[in-house]
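Values quoted throughout were computed directly from the atomic coordinates according to the rules given, and no laboratory measurement underlies them. Because the structure is predicted, anything quoted here is derived from the model rather than measured. All Cβ positions, even for glycine, are placed from backbone atoms using ideal geometry, and neighbour counts span all protein chains on display.
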Amino acid sequence: MNFAALLKELLYITRLKSGHLAAALGYDTSYISRWVNGVKLPSLKNNEELLRNIARFFIANSGAEQLASLRRRFGGAEDALMSPAALEDAMTRQLGEAYSAQAGSDPAREGRVAGGNAEIIAGRHRDQLWDLMITAASEVGRDGSTEPLGLFTLTPLHYFSNRDSDFLDRLRRAVPANRPINIRQFIHFGNLERHRDDYCRTICSFLSYEPADIRYDFYELSERVAERNTALVLRDGIFVQWLETPFSDTPYVVTTRSREMVNELYNGMESYTRKHRRLIERHTNAELYAAQYYMNYLMHGSFRYLLTTMHPISMEPGLLRELSAGRMRPGRGQDWGVAFTEKTFTLPRSAVIYKSAMMSYLYDGVITLFDRTFTLSKDERVRHLRGLIDALQTDPELDLTIIEDVNPVMCRRELNISAYMSDGAVFARGLSRRGSPEPPTYTFTSSRLIDSMNGFYRDLQALPDEYALRGQRVVDFLTHGIALI
């Protein structure tokens, strides 16, 4: 990253103006604007403290939220509590490297070869690809257009499990709020099968991301070239590819900002996606009812639920119909919803629910029922839980596992959807809150991805005892919960 781009990023992160920086440093505002726009570099001759003074300015004039962003940007997620002095040193160092890069001098230019429209950088850490992309997105996002910002990535999803967890938040902040973001991810199923839990966790995490103006789509890429490639293409912005070769221990990054080359690559990928079906599709409930999707799900006969809110799991018919009568409009939809739910109670089913979701139901009554989130009264909860305990003790085809929010497979904080699985179908949806728009329902269209999600579920179900309650321990937990309601 050059000095102008870094300075522009600092102004954006801290929400400060170039005029504020000019006043603090004693320069004319137009002079600072030339730095920011890459027209001119400041002179460091007889002014060795300038870069440190720039770092001090941004730190001293940032609020708590902006300081946290600066720490993540310059220290990484693990240095969220780094001291102001350490942050100042890190910012000064990177300002110096960016200055040298723009000036074309050593040491920042070491290990770089530029020719024509491309640049090769030696020894760059893979995580820094995200920084290159954020900077480019910030520049493209402010070109005055309101068209969706388009990004393709061939990056294997198991790499995402080790990336800075707030990448999507940083991307959203870097692009004006009135500009939607479309990200299309290519998946190679060989990688998926080798890194199943990492892939499924990352997919669920992306589907859980709440802002409706970031759309994440997935496509299969069967070519073997996808197995080892880490590449990102931002329309009108940048192409970045991470290279690992068998001939050197040194990794390389190839980048180009040639708009013609970048868009040629982007358009080729877009053409590919037009000919292939998404691996996960978005629908409204009305669309799925009209297409008989839920009936298809029911036909597969054995169900597995991964729950972030309570689900009936098992409920006596009388209570189910009372809840329907009190909370749904009479009509065909009500009758169908009750009949569908009752049918699931007669088939083999298991559920994995996060402990916080179960506690929320025990003490607040929050439950997802008939595709909506309701609050049940104490009497309704007690009646339901007693029936559930009885079913767990007498129905051999019913299983319930309560898992800790923090566990080695997928933590609750990463998941804001519930997933409903069978051997031949998987769908997922977020919470449907009263007064809020209906969340989309995501249907999985690939049999291989469906199989992987079922395997991911079984890994959650098989967590060690220190992370999970099963069998009699679940019955005891629910019994104690009833006593405390």
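Out of Thr273, Gln241, Ala90, whose Cα points farthest toward the positive end of the dipole of the chain (charges: +1 Lys, Arg; -1 Asp, Glu; placed on Cβ)?
Thr273
If R₀ is 56 angstrom, what is the calculated FRET efficiency for the pair Glu65 and Asp390, using the beta carbon separation as r and rounding to 0.05?
So, using R0 = 56 Å, E works out to roughly 0.65.
Give me the angle, in degrees from 0 to 90, between the Cα long axis of helix 317-327 and the longest principal axis of the Cα atoms of the chain, rounded to the nearest 10.
For helix 317-327, the angle is close to 50 degrees.
Inverting the mean 1/r over all pairs of different Cα atoms, compute the Kirkwood radius of region 3-103 and quote it in Å.
The answer is 13.6 Å.
Mind ranking 303-310, 476-483 by how tightly packed they are, going by the mean number of other C-beta atoms within 10 angstrom, highest first?
303-310, 476-483
Relative to the longest principal axis of the C-alpha atoms of the chain, give the angle of the C-alpha long axis of helix 472-484, reported between 0 and 90° and rounded to the nearest 10°.
Helix 472-484 sits at roughly 90 degrees to that axis.
Please compute the modelled spin-label separation between Ala291 and Ala86, points set 7 Å along Cα→Cβ, answer in nm with one decimal.
5.0 nm
If each residue of separation counts as 0.36 nm, what is the full-extension length gain between Asn267 and Asp169 once their alpha-carbon separation is subtracted?
Residue separation times 0.36 nm, minus the Cα-Cα distance, leaves 32.7 nm.
Distance in nm between label sites at Arg372 and Ala462, each 7 Å beyond Cα in the beta-carbon direction?
Distance between the two pseudo-spin positions: 4.0 nm.
Give the dimensionless ratio obtained when the Cα radius of gyration of region 283-484 is divided by 2.2 N^0.38 Å.
With N residues counted in region 283-484, Rg over 2.2 N^0.38 Å equals 0.97.
How long are the semi-axes of the ellipsoid equivalent to region 367-408, from square roots of 5 times the Cα gyration tensor eigenvalues, in whole Å, largest first?
20, 18, 11
Would you mind pulling out the separation of the Cα centroids of region 1-57 and region 253-306, in Å?
43 Å
222 nm [θ] for the chain, helices only, -39500 (n - 2.57) per DSSP H run of 4+, per residue, to 500?
So the calculated ellipticity at 222 nm is -14000 deg cm²/dmol.
Counting Lys and Arg as +1 and Asp and Glu as -1, each charge on the Cβ, what is the dipole of the chain about the Cα centre in debye, to the nearest 20?
1000 debye
Taking 0.36 nm per residue of sequence separation and subtracting the Cα-Cα distance, how much length would be gained by fully extending the chain between Thr29 and Phe340, in nm to one decimal?
The span from Thr29 to Phe340 would gain 105.3 nm if fully extended.
If you compute volume of the Cα convex hull per residue in Å³ for the structure shown, which of (1) 149; (2) 178; (3) 189 do you land on?
Recomputing volume of the Cα convex hull per residue in Å³ here picks out (2).
In degrees from 0 to 90, rounded to the nearest 10, what is the angle of the helix 332-344 Cα long axis to the longest principal axis of the chain?
So the helix axis and the longest Cα principal axis differ by about 80 degrees.
Using a simple spin-label model with points 7 Å from Cα along the Cα→Cβ vector, what separation in nm is obtained for Thr284 and Glu322?
Output for this residue pair reads 3.4 nm.
Work out the length of the dipole vector of region 3-103 about its Cα centre, built from +1 on the beta-carbon of each Lys and Arg and -1 on the beta-carbon of each Asp and Glu, and round it to the nearest 20 debye.
Approximately 300 debye in magnitude.
Per residue of region 348-362, in order, report the coupling 6.51 cos²θ - 1.76 cosθ + 1.60 (Karplus, θ = phi - 60°) as ³J(HN,Hα) in whole Hz, putting x for Gly and Pro.
x, 7, 9, 9, 10, 10, 5, 4, 5, 5, 5, 5, 4, 6, 4
How much length would be gained if the chain were fully extended between Gln472 and Lys275, taking 0.36 nm per residue of separation minus their Cα-Cα distance, in nm to one decimal?
65.8 nm
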